Amino acid sequence: MAATTSAGQLLTARRLVVKIGSALISDAETGEIRCHWLETLIEDVIRFFARGQQVIIVTSGAAAVGSSHLSKLDKSAGMEDRRTAAAIGQVRLILAYEQILRRHGFELGQILLTGEDIDNEHRRLNVRSTLQQLIKLGAVPVINENDTTATAETCIGDNDRLAAWVAQMVAADVLILLSNVDGLFTEDPNNNSSARLITQVRRLTPEIEVMAGHSPARNSSGGMVTKLMAARIAMETGCSMVIARGNQPYPLTAIENGGPSTWFVPFANGTESRSTCANDMPPI
């Protein structure tokens with residue numbers, strides 16, 4: 001795929017990875033899953049499948065959803081740690097995906113990963129093989145970090161980088177990070193109304209990295225800092241990446257229609273490592 005950067009890339013990409021942030025999947029006040037919004041996202045994904053494209057979803061939200069239910073059950077504070085919340089929330093999260101996909105005639109394949117699965121070559125190959133089989137069968141892979149077993153040493157900590165590693169693993173053409181902001185701004189637009197949206201990034205310079213700031217968004221373990229980390233992983237392996245606001249209905253359609261976003265152009269020397277991975281993945 002050419003290194004041009006536009007919403008038109010979504011039309012020509014063979015394989016896409018879509019990452020969904022916690023702030024999108026769960027209601028900020030109640031912690032409940034935003035099922036109507038999720039329905040529109042899945043309809044976007046199915047539209048991509050219908051035109052011969054492959055889509056892998058990386059989802060956040062298990063801990064956020066689980067925490068709200070623990071609170072309702074009036075459990076002690078000790079029960080409301082991330083592992084316990086994620087164990088409860090992951091069931092509800094994956095069930096919401098499964099019910100929507102099944103209504104549209106699609107099967108779901110759940111994969112939970114830790115840092116060890118990314119770092120260990122044997123495990124990484126097993127993950128890629130599973131993704132390959134799911135794609136071949138026409139199922140929709142839905143990936144999340146396995147918070148229930150992760151330790152300080154194996155914890156990835158954010159799904160931005162996880163999504164980038166998945167995109168690298170499957171030789172994706174485009175990585176889409178759906179967020180609660182339009183993209184990368186010169187400054188925090190919440191603090192400075194004159195901040196400009198950066199529509200295209202070709203090099204991750206120190207000046208670009210400074211724009212990311214340090215504060216993660218509410219209900220998120222990431223933020224713009226981890227999104228730039230994800231961009232570096234994607235760009236180095238020949239994958240385009242886009243950050244776009246996702247909290248409106250049909251967020252992928254909005255990108256295709258030219259909605260606000262920041263596109264990251266892959267490095268020219270990244271295409272060789274990407275094509276090596278692509279050889280082992282099934283064709284459209």
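The values are calculated or read from the model by the stated rules, or taken from the named source; none is laboratory data. Since the model is a prediction, treat every value here as computed from it, not as a measurement. Note that each Cβ is placed from the backbone with ideal geometry, even for glycine, and that neighbours are counted across all protein chains shown.
Assorted remarks:
- Hits in the stretch 244-268 (condition: touching a residue at least 24 places away in the same chain (Cβ under 8 Å) and small (G, A, S)): A244, G246, G258, G259, S261, A268
- Top-ranked residue of the stretch 172-225 - restricted to ones that are in a loop (DSSP other than H, G, I, E, B) and among the hydrophobic types (A, V, I, L, M, F, W, C), ranked as modelled with the highest pLDDT: A172
- The requirement of being assigned to a helix (DSSP H, G or I), of a type in the set (S, T, Y) and over 21 Å from Q54 (Cβ atoms) is satisfied by T84.
- Matching residues in the stretch 88-134 - criterion: being surrounded by 18 or more Cβ atoms within 10 Å (Cβ to Cβ) and hydrophobic (A, V, I, L, M, F, W, C): I88, L93, A96, I100, L101, L108, L112, L113, I118, V127, L131, L134
- Scan of the stretch 150-207 for residues that are of a type in the set (V, I, T), surrounded by 14 or more Cβ atoms within 10 Å (Cβ to Cβ) and over 15 Å from the mean Cα position of the chain (by Cα), ordered by number: T154, T186, I198, T199, V201
- Highlighted here are the helices (runs of 4 or more DSSP H) found entirely within the stretch 1-64 that include at least 2 residues which are acidic (D, E), in contact (Cβ under 8 Å) with a residue 60 or more places away in the chain and over 18 Å from Q90 (Cα atoms): 35-50.
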